[in-house]
Amino acid sequence: MLAVTVTTTDIWMMVAICVLLLIAIGTAVAETAIVRITRPKASALSDEGRSGSSPLLELVESPERWINSLLLVALLCQLVQATLTGIVVGRIFDNSPLAIAIATALNVAIVFVLAEAAPKTWALQHPERAALISARPVKLFVELWPLRMVARGLIGVTNILLPGKGLKEGPFVSEEELLAVAAEAAESNQIEASERQLIESIIEFGDTVVREVMVPRPDMVVVESDFRAEDVMEVVLLNGYSRLPVLGEGIDDVIGLVFAKDLMRAERDGRENEPVANFVRPAKAVPETKPVSELLREMQADKFHMAIVIDEYGGTAGVVTLEDLIEELVGEIVDEFDTEDARIEPLAGGGVQVNGSLSIDDANDLLRVELPEGDYDTVSGLVLSLLNRLAVVGDEVEVPGVRLRVERVQGRRIVRVRIEEKETETEPVPSLDNQEREAK
């Protein structure tokens, strides 16, 4: 028969155990909920004026300031509670081994259910509500000077055992995760397919450089500086451009841009016979390796729509316009003046015909193929890289699973390329007679 003796001290210790359990429950809810709230979500809750949103936003913006202290509080509560439980059971049941074993098992089960599984499950089911409720108490807790010092000291010991400062910034999401989230949202009809494509374009936009979107040097429409304004106006009307690069002593000497409106004003004022050099405006020059996201911001800030692209040797590599940058986000913009061939044209005999200037990334995305990347940007660059010489009509190259055939060449430039899947060739299985002869 077990002797049961309960004293006033035991009662106070049991009260302390209950308080520690409540604090452990609160820390479990706070840790699960606040970590799941992103910065944009916290900002949205703050804009709505929700109660507790201000401290929540502070916590989400600086997770390194509170997460270690909160984990320390949770650990202390569970350890002290378990210790007190053992002491109380031992005192009440006169240190009976069987009673202590039973009480320990019950304590583990209660702590797991009440202080871990239940609160964290509820926080996962109601992340916003749980985060808003727990944000203010957590902020008050972690601002206690002794707690912060103890947590910082223990982290210092951790860094000695396992060198490293951890993440200086809060949790982040990689590009791959964002793309996966967009794909999942599109599959569940939460967003439209076009919205998914726009999200993917925006993410890829940051990794794109000017060289990949510019109009290359052979395709540039330019005029000489000694052309008459009237003649240049004809070029403008023929091509439907609002501005053109003006050359000095060659293609690598772009002295500026001439605007169609300036030419129209010149004709109205009777100056149509003057050289176009008299109407040139300064042109911006950018390196071909400049990120397009930076160039777009510069175009917005400095209010210009065209820039001359310069290669690593200082020569003219091409020209880039605001339209080229926008097309990287929303796709091709075709107006009534665009007369170029379709970028991708399905063929009756199978396969597709594409522009040689089609980028490798676009080809892979649009055609669902895997053309290899290298020191080139376009399909024609891939063909030339594999040929190791200038191409002629009929040249063929192969990459894993795909065959590319040159369909049209203009001068030294590949204009059209046919892309088709390559049939997988299977090795013939030797017949039994052949195997026997080989064996002999």
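The values are calculated or read from the model by the stated rules, or taken from the named source; none is laboratory data. Nothing here was measured: the structure is a model prediction, and the numbers come from that model. Backbone-built Cβ (ideal geometry, glycine too); neighbour counts: all protein chains shown.
Among the residues of the range 338-351, is any modelled with pLDDT of 85 or more, touching a Leu at 6+ places or on another chain (Cβ under 9 Å) and not assigned by TED's automatic domain parsing to the domain that holds LEU198? Looking for residues that are modelled with pLDDT of 85 or more, touching a Leu at 6+ places or on another chain (Cβ under 9 Å) and not assigned by TED's automatic domain parsing to the domain that holds LEU198, one finds none in the range 338-351, hence no.
The set of residues from the range 241-259 being under 39 Å from the mean Cα position of the chain (by Cα) and not in a strand (DSSP E or B) comprises TYR241, SER242, ILE251, ASP252, ASP253.
Given (1) exposed (fewer than 13 other Cβ atoms within 10 Å of the Cβ); (2) modelled with pLDDT of 85 or more; (3) not hydroxyl-bearing (Ser, Thr, Tyr), identify the lone condition not met by VAL6. It is condition (2) that VAL6 fails. The helices (runs of 4 or more DSSP H) located wholly in the range 112-166 that include 3 or more residues which are within 30 Å of the chain's Cα centre (by Cα) and modelled with pLDDT of 80 or more occupy 118-125, 127-142. Across the range 175-226, the qualifying residues are those that are among the acidic types (Asp, Glu), free of Cβ contacts under 8 Å to residues at least 40 places away in the same chain and in a helix (DSSP H, G or I), and the one among them that is surrounded by the most Cβ atoms within 10 Å (Cβ to Cβ) is GLU200.
You will find that of ILE67, ILE34, the residue that is surrounded by 14 or more Cβ atoms within 10 Å (Cβ to Cβ), assigned by TED's automatic domain parsing to the domain that holds ALA131 and out of contact with any Ser or Thr (no Cβ under 8 Å at 6 or more places or on another chain) is ILE67 and no other.
One residue stands out among those in the range 42-53 that are within 14 Å of SER134 (Cα to Cα) and under 28 Å from the mean Cα position of the chain (by Cα): the one that is surrounded by the most Cβ atoms within 10 Å (Cβ to Cβ), which is ALA42.
If you take the residues in the range 273-323 that are over 17 Å from SER225 (Cα atoms) and aromatic (Phe, Trp, Tyr), which one is surrounded by the fewest Cβ atoms within 10 Å (Cβ to Cβ)? Across the range 273-323, the extreme among qualifying residues is TYR313. Restricted to strands (runs of 3 or more DSSP E) entirely inside the range 274-393, those with at least 3 residues that are touching a Ser or Thr at 6+ places or on another chain (Cβ under 8 Å) are 306-310.
Please indicate, with yes or no, whether at least one residue in the range 281-298 is out of contact with any Gly (no Cβ under 9 Å at 6 or more places or on another chain) and over 29 Å from LEU358 (Cβ atoms). No, the conditions are met nowhere in the range 281-298. From the list PHE141, PHE112, the lone residue that is in contact (Cβ under 8 Å) with a residue 12 or more places away in the chain and among the aromatic types (Phe, Trp, Tyr) is PHE141. Residue pairs whose Cβ atoms lie under 8 Å apart, sitting 6 or more positions apart in sequence or on different chains, and linking a residue in the range 15-44 that is closer than 18 Å to LYS120 by Cα to a partner that is of a type in the set (Phe, Trp, Tyr) and in a helix (DSSP H, G or I), are VAL29/TRP122.
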